[in-house]
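The values are calculated or read from the model by the stated rules, or taken from the named source; none is laboratory data. Only a predicted model underlies this, so the values are computations on that prediction, with no experimental measurement involved. Positions of Cβ are backbone-derived with ideal geometry, glycine not excepted, and every protein chain shown enters the neighbour counts. All accessible areas refer to the heavy atoms of the entire protein, side chains included, with ligands and DNA or RNA removed. Shrake-Rupley method; radii C 1.70, N 1.55, O 1.52, S 1.80 Å.
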Amino acid sequence: MRPDAPYWIAFSLLPGIGAQRLRRLTEAFRDMELAWQAPAANLVAAGLEPKIAHAAVEARRSIDVEAALARIARAGVVVHTLADPTYPARLAEIYDAPPVLYVRGELTLQDEWAVAVVGTRNVSPYGREATYRLVTDLARRNVTIVSGLARGVDGLAHRAALDAGGRTLAVFACGADVVYPPEHRRLAAEIAESGAIVSEYPVGTAPEAGNFPARNRIISGLALGTIVVEAGEKSGALITAQRALEQNRDVFAVPGGIFARTSIGTNRLIRDSAAKLILCADDVLDELQMQFVPQQVEMRQLLPENETESRLIALLSADPLHIDVLTRQSALPAAEVCSALAIMELKGLVRQVGGMQYVRGG
């Protein structure tokens, strides 16, 4: 944990200081202890509205940082801030990444190869079978499954991943120590044991309606792509799909019967070309170039990232860059860039999308 991590946590406890305002503070101050001690005028200069800044200065007097840290420890939760190297790299790429993540369980290297699976709470027998088959095949191929622990498709996705001996991450719309829905308490315990529960909300936060749409950006943000199994006309899963598209991530949909209410949303995603139609796990793995996940995990462990790779990764995103542009922008010798990119492809760090154009991989 960073020395100033307690102050990241403290700010996350203040009313009115959400993800966007906290990000402004992290960009304006070199460490968050200075921000915590700053007068209202300095907080305004950092980008907070005057009313919010003055309210924060007043409210922070009632925050006991040590007591907050003790509550987190008692709950078995670990905190990862956006400035920590342990923060999920994939999630850090999105524009509204949560500055503070509360995690119960453990995040691992394998979680960089993750796929989100979401869908309706009122899942049909067809949707159950589709979820089970897709998730089982993905989990057995070392793909981490991300979902939201909701009733229906979400819960089934977590259960199938665990039954297949795979990893799964559950993103909560409440504190990482508060299980919702309550009937998934045992499932949540299993996820924390062999995967992780993730939340941007402080320990003890109760589930509120407004938290769920915000939570969906984290589900899609942690994943390389999002699968929508079944979704009605106004399903929350469609919000997750929309957030994935905004994050420039792939969206996949399982086709359903044209008269099935639970497939209205998925069929429209396919019709409108917002999602790629999939029939099996291989369709997802092929599209995301994830056929060699086990080998890529092994390669990263054998050949840790070096300075050259770090410099190239910093230049890459989801927008393709030609090798000549990478060479020029990195100020590295062409032969070194070419060699590094070849190794990075083997490790799954980059993908070549044709014509010597590269994008960031896992």
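Scanning segment 317-340 for residues that are open to solvent by 30 Å² or more (accessible area, probe 1.4 Å), free of Cβ contacts under 8 Å to residues at least 40 places away in the same chain and part of a loop (DSSP other than H, G, I, E, B) returns PRO320, ALA331, PRO333. The set of residues in segment 251-273 that are of a type in the set (A, V, I, L, M), within 13 Å of SER235 (Cβ to Cβ) and either at pLDDT below 95 or more than 25 Å from the chain's Cα centre (by Cα) (or both) comprises ALA260, ILE264.
Conditions tested, residue by residue: (1) surrounded by fewer than 20 Cβ atoms within 10 Å (Cβ to Cβ); (2) touching a residue at least 12 places away in the same chain (Cβ under 8 Å); (3) among the acidic types (Asp, Glu); (4) outside any loop (DSSP other than H, G, I, E, B).
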position	(1), (2), (3), (4)
ILE197	no, yes, no, yes
TYR201	no, yes, no, no
PRO207	yes, yes, no, no
ILE219	no, yes, no, yes
ALA237	no, yes, no, yes
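For ARG300, the stated conditions hold: it is farther than 22 Å from GLY155 by Cα and crowded, with 17+ Cβ neighbours inside 10 Å. Restricting to segment 147-186, name every residue that is of a type in the set (A, V, I, L, M, F, W, C), open to solvent by less than 20 Å² (accessible area, probe 1.4 Å) and under 18 Å from TYR201 (Cβ atoms). Within segment 147-186, LEU149, ALA150, LEU169, ALA170, VAL171, PHE172, ALA173, CYS174, ALA176, VAL179 qualify.
Looking only at segment 267-291, filter to residues that are within 20 Å of ARG121 (Cβ to Cβ) and without any contact (Cβ under 8 Å) to a residue 40 or more places away in the chain; which one of those is surrounded by the most Cβ atoms within 10 Å (Cβ to Cβ)?
Filtering segment 267-291 for residues within 20 Å of ARG121 (Cβ to Cβ) gives 267-269, 275.
Of the ones still in play, those that are also without any contact (Cβ under 8 Å) to a residue 40 or more places away in the chain are 267-268.
Numbers: ASN267: 19, ARG268: 15.
Once the filter is applied, the top-ranked residue is ASN267.
So that you can scan it fast, the table gives a plain yes or no per residue for (1) in contact with a strand residue (DSSP E or B) (Cβ under 8 Å, 6 or more places away or on another chain); (2) of a type outside the set (Phe, Trp, Tyr); (3) in contact (Cβ under 8 Å) with a residue 24 or more places away in the chain; (4) crowded, with 16+ Cβ neighbours inside 10 Å:
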site	(1), (2), (3), (4)
ASP4	no, yes, yes, yes
ARG21	no, yes, yes, yes
ALA70	no, yes, no, no
LEU101	yes, yes, yes, yes
GLU106	yes, yes, yes, no
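Conditions (1) touching a residue at least 24 places away in the same chain (Cβ under 8 Å); (2) farther than 19 Å from ALA19 by Cα; (3) open to solvent by less than 30 Å² (accessible area, probe 1.4 Å), marked per residue:
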site: ALA35; (1), (2), (3): yes, no, yes
site: PRO39; (1), (2), (3): no, yes, no
site: VAL44; (1), (2), (3): no, no, no
site: HIS54; (1), (2), (3): no, no, no
site: GLU58; (1), (2), (3): no, yes, no
site: SER62; (1), (2), (3): no, yes, no
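For segment 73-87, state whether one or more residues are open to solvent by 50 Å² or more (accessible area, probe 1.4 Å), over 15 Å from the mean Cα position of the chain (by Cα) and under 25 Å from ILE239 (Cβ atoms). Taking every residue of segment 73-87 in turn, none turns out to be open to solvent by 50 Å² or more (accessible area, probe 1.4 Å), over 15 Å from the mean Cα position of the chain (by Cα) and under 25 Å from ILE239 (Cβ atoms). Count of segment 13-36 residues, restricted to those that are in contact with a Phe, Trp or Tyr (Cβ under 9 Å, 6 or more places away or on another chain), farther than 18 Å from ILE94 by Cβ and either part of a helix (DSSP H, G or I) or among the aliphatic types (A, V, I, L, M) (or both), is 7. Annotation for segment 280-296: at least one member residue is at pLDDT below 95, within 25 Å of LEU109 (Cα to Cα) and acidic (Asp, Glu). Among the numbered conditions (1) crowded, with 24+ Cβ neighbours inside 10 Å; (2) polar (S, T, N, Q); (3) not in a strand (DSSP E or B), the only one that THR226 does not meet is (3).
Name the residue, out of ALA260, ALA241, that is surrounded by 20 or more Cβ atoms within 10 Å (Cβ to Cβ) and among the hydrophobic types (A, V, I, L, M, F, W, C). Lay out the reasoning, then the answer.
Numbers: ALA260 fails: surrounded by 20 or more Cβ atoms within 10 Å (Cβ to Cβ).
Of the residues listed, the single one that is surrounded by 20 or more Cβ atoms within 10 Å (Cβ to Cβ) and among the hydrophobic types (A, V, I, L, M, F, W, C) is ALA241.
In the list ARG23, ARG30, which residue meets the criterion of being at pLDDT below 90, over 30 Å from VAL143 (Cβ atoms) and more than 15 Å from the chain's Cα centre (by Cα)? Of the residues listed, the single one that is at pLDDT below 90, over 30 Å from VAL143 (Cβ atoms) and more than 15 Å from the chain's Cα centre (by Cα) is ARG30. Looking at THR308, is it closer than 30 Å to ALA176 by Cα, among the hydroxyl-bearing types (Ser, Thr, Tyr) and surrounded by 18 or more Cβ atoms within 10 Å (Cβ to Cβ)? Against the criterion (closer than 30 Å to ALA176 by Cα, among the hydroxyl-bearing types (Ser, Thr, Tyr) and surrounded by 18 or more Cβ atoms within 10 Å (Cβ to Cβ)), THR308 does not qualify. Of the residues making up segment 219-236, those that are under 18 Å from SER273 (Cβ atoms) and out of contact with any Lys or Arg (no Cβ under 7 Å at 6 or more places or on another chain) are ILE227, VAL228, ALA231.
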